[in-house]
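Take a look at the structure below.
The values are calculated or read from the model by the stated rules, or taken from the named source; none is laboratory data. Everything quoted here is computed from the prediction, not taken from an experiment. Positions of Cβ are backbone-derived with ideal geometry, glycine not excepted, and every protein chain shown enters the neighbour counts. Note: areas computed on protein heavy atoms with side chains; ligands, DNA, RNA excluded. Shrake-Rupley method; radii C 1.70, N 1.55, O 1.52, S 1.80 Å.
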Amino acid sequence: MLMELELLPTELLTEPACKSILTQYSQSFSDVLEFENLTPSEKTYEDFNKLLSVIRHRHQDTVPHMAEALHNLRDAGNLNVNSKDRLNQAIQYFLDRLYMSRISISMLVSQHKALYCPEERVKSNPGCRLKGTIDPKCDAVDVARNAFENATFLCEQIYMDAPKLNIEWVDLTDGDKDSVDFVYIPSHLYHMFFEVFKNSMRATMEFHENSDTIPEINVRIVKSAQDISIKVCDQGGGISRSVAENIFLYLYTSATRVKLSDADMGGTTSTSTPMHGLGYGLPLSRLYARYFGGDMKVASVDGYGTDTYIYLRALESDARETLPIFNASSSNKIRDTANQVEDWTKDE
């Protein structure tokens with residue numbers, strides 16, 4: 001990760017936010033190395049757990065801060081955010097790798113803290129069934145409702161109202177069950193729902209700003225033998241085909257750019273983070289889906305609404321991590337903007 005950060009264009013590396021991110025990762029790597037040859041003891045164990053808490057807090061706003069650096073680069077005329085620009089393709093490739101690695105590291109830290117720090121586990125999840133951060137019976141319906149409730153909070157702050165949720169679900173593997181559950185990390189699923197709901201709410205409220213009624217956002221969750229398929233439908237006016245090819249690009253947004261706070265924002269799913277304007281919601285959500293072999297797709301009817309599809313693995317044996325590997329090929333792809341190929345996270 002550090003080596004790839006150093007391969008970024010000079011214009012980006014000189015951005016204060018980007019320099020800060022590089023310094024933070026260097027500091028965290030240096031801090032962890034201090035424990036490499038220490039003799040195992042209760043004191044060492046305690047210090048290491050404290051360090052993990054520091055590292056987790058240190059990097060919680062990496063995503064919005066990198067977004068700020070890239071927005072500055074674009075505003076200076078050094079970056080063109082579209083699917084055909086070669087420099088943009090190289091940066092998009094790097095960001096996918098950076099954030100996928102970040103997702104993995106965050107999961108490892110959270111898993112360790114949840115398993116080996118009883119006081120934290122009891123404080124954050126009293127009486128819960130989680131195995132670390134993994135829920136063997138993650139209820140997709142409950143996660144969707146929780147994400148919708150929090151997205152509604154943000155929407156009402158801006159628009160003074162919000163669409164209602166209409167959710168249906170079915171488990172085709174067990175007709176007697178009144179829920180859809182599977183082995184998954186609830187926080188990852190929450191992130192996907194939260195970002196999709198924010199987009200749908202904003203589009204719906206702005207498209208129907210002069211209407212007497214606000215259409216509902218419809219969610220359908222289906223579990224089959226191999227897949228969890230989630231469909232989120234809104235009537236927010238949809239998007240044109242020329243726009244659709246850019247919606248999974250980092251920085252691409254139809255909203256007004258927001259000015260980020262210099263203070264801690266609590267991560268991308270915090271209610272302190274802006275509802276829109278970063279251009280990170282969909283691409284980052286797709287990475288969360290792809291992390292365990294899933295995916296995210298969008299289909300739209302311009303002038304009517306948009307359907308977002310989230311596909312996840314129903315069987316934990318099929319949900320394997322998709323992680324980037326640093327080698328000569330990946331470093332050349334970041335540096336060589338004239339030779340860009342398909343994203344490494346896509347299936348062959």
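One table, with the values for the structure above:
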item: For Thr152, solvent-accessible area (1.4 Å; no DNA, RNA or ligand), Å²; result: 30 Å²
item: Sites His112 and Asp176, calculated FRET efficiency, Cβ-Cβ separation with R0 30 Å, nearest 0.05; result: 0.20
item: Accessible area of region 1-59 divided out per residue, in Å², using a probe of 1.4 angstrom; result: 63 Å²
item: Contour minus Cα-Cα distance for Phe29 and Leu51 (0.36 nm per residue); result: 6.8 nm
item: Solvent accessible area, Å² - Leu7, 1.4 Å probe, full protein context; result: 40 Å²
item: Carbon/sulfur fraction of accessible area - region 55-187, other protein chains in place, 1.4 Å, %; result: 52 percent
item: Length released on extending from Lys164 to Thr213, taking residue separation times 0.36 nm less the Cα-Cα span; result: 16.6 nm
item: Flagged links, alpha-carbon separation over 18 Å, of Lys19/Lys113; Lys231/Lys297; Lys177/Lys223; Lys177/Lys198; Lys137/Lys177; Lys84/Lys297; result: Lys19/Lys113; Lys177/Lys198; Lys84/Lys297
